[in-house]
1. For a quick check of your reading of the filter: which GluC sites (Glu not before Pro) in region 18-104 sit in a DSSP loop and have no more than 12 other Cβ atoms within 10 Å?
2. Taking the Cα atoms only, what angle lies between the long axis of helix 20-34 and the longest principal axis of the chain, rounded to 10 degrees?
3. Which value in nm describes the separation of the simple spin-label points at Glu14 and Lys53, placed 7 Å from the Cα toward the beta carbon?
4. Magnitude of the Cβ-charge dipole of region 2-103, K/R +1 and D/E -1, about the Cα centre, nearest 20 debye?
5. Hey, got a sec? Which trypsin sites (Lys or Arg not before Pro) in region 64-104 land in a DSSP loop and have at most 12 other Cβ atoms within 10 Å?
6. Given contacts defined as C-alpha pairs under 8 Å and at least six residues apart, what's the relative contact order of the chain, whole-number percent?
7. For the residue pair Ile71 and Lys85, what label-to-label distance in nm results when each label sits 7 Å from Cα along the Cα-to-beta-carbon direction?
8. If you plug each phi of region 67-74 into the Karplus form 6.51 cos²θ - 1.76 cosθ + 1.60 with θ = phi - 60°, what whole-Hz ³J(HN,Hα) values come out, in order, with x for Gly and Pro?
Amino acid sequence: MVEVQVLIPVRDNEGIPFDPAHDAVFEAYLASHFGGFTRLPREAAGGWVDEDKRYYPDATRIYVVAVAGLIAGGEPLRLMADIAKAHYRQKALFLRYLGMAEVL
């Protein structure tokens, strides 16, 4: 099994916070497509810069899912990232696994 962490923002790119019902929809998706998930207990704080050099302060929730392997789990992870970007109105998401990270 490979543990994959996806960082989900607490606010959209315009600063509007997501309510618990919004998160519940994503959590239901994770449970049904990955067999479960863990949401780590604290938020992480940081920021990022887009291609136009606009700075976005960021606070994120960290969700953890497990897949049989990166090849076997590659397509479900890519789909999850695409769904999360649309659901949370994001330009990109940060995923961590096996000591590496990707911005999708």
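No lab work stands behind these numbers, since they all come straight from the coordinates. Keep in mind that this is a model prediction, so the values were computed, not measured. Positions of Cβ are generated from backbone atoms using ideal geometry, with glycine treated the same way; all protein chains shown enter the neighbour counts.
1. Numbers: sites: Glu27, Glu43, Glu51, Glu102; in loops: Glu43, Glu51.
When the GluC sites (Glu not before Pro) of region 18-104 are filtered for loop state and at most 12 Cβ neighbours within 10 Å, Glu51 remain.
2. That helix lies at roughly 30 degrees to the long axis.
3. For the pair Glu14/Lys53, the computed spacing is 2.5 nm.
4. Values: 11 positive and 14 negative charges, 27 e Å.
For region 2-103, the charge dipole is close to 140 debye.
5. Details: sites: Arg78, Lys85, Arg89, Lys91, Arg96; in loops: Arg89, Lys91.
Taking region 64-104 and a limit of 12 other Cβ atoms within 10 Å, the loop trypsin sites (Lys or Arg not before Pro) found are Lys91.
6. Dividing the mean separation by the residue count of the chain yields 39 percent.
7. Using points 7 Å along Cα→Cβ, the separation is 2.5 nm.
8. After applying 6.51 cos²θ - 1.76 cosθ + 1.60, I find 10, 4, x, 6, 6, 5, x, x Hz.
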